[in-house]
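Quick notes on the structure that follows.
The values are calculated or read from the model by the stated rules, or taken from the named source; none is laboratory data. Being a predicted model, the structure only gives us computed values, none of them experimental. Every residue, glycine among them, receives a Cβ derived from its backbone with ideal geometry; neighbour counts consider all protein chains shown.
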Amino acid sequence: MKKALVVCMAALLPVFLWSGTAHANVIGSVYHGSDYSYSDGFWESPRDQEADGNGVYANLYSDGVLHGFLWDGNGSTAGGNSYYFPGGIDGHRVCEDRKSPCSSWVWG
């Protein structure tokens, strides 16, 4: 009986040891000057808040994969797009065309 219990525990040990890192989606805004990109954890919305002719784009990671250049490229304060990522958004930053550097990365 004792040997069977040890064998059973040894078989279950990998199940308890293999528990991946918890996934946290990023929620909130990241800024580059007046421009920003907002994430609710699944939707990303880059927004150009300056009428300076420079568009704005967001970079983000979803499920560990980099997705680049989500545009609000009109170079003005009007409008903008939102993008959905069913796997959730791990981290994001916002950049402005023809300017550098981008904002810092923000992670969930």
message = Residues that are under 15 Å from V106 (Cβ atoms) and modelled with pLDDT of 55 or more: does the range 4-22 have at least one?
response = no
remark   = Note on S76: of the conditions (1) closer than 14 Å to V26 by Cα; (2) not in a strand (DSSP E or B), unmet is (1)
request  = Output the qualifying pairs, or none if there are none: Cβ atoms under 6 angstrom, residues six or more apart or on different chains, first residue in the range 50-74 and without any contact (Cβ under 8 Å) to a residue 12 or more places away in the chain, second residue part of a strand (DSSP E or B).
outcome  = G68/N59
request  = Name, by its number, the condition in (1) surrounded by 11 or more Cβ atoms within 10 Å (Cβ to Cβ); (2) at pLDDT below 95; (3) farther than 15 Å from S103 by Cα that does not hold for V56.
outcome  = (3)
key: G64 out of contact with any His (no Cβ under 6 Å at 6 or more places or on another chain) and either under 14 Å from K99 (Cβ atoms) or surrounded by 15 or more Cβ atoms within 10 Å (Cβ to Cβ) (or both)   = no
query = Mind checking which residues of the range 83-105 are surrounded by 15 or more Cβ atoms within 10 Å (Cβ to Cβ) and polar (S, T, N, Q)?
reply = S103
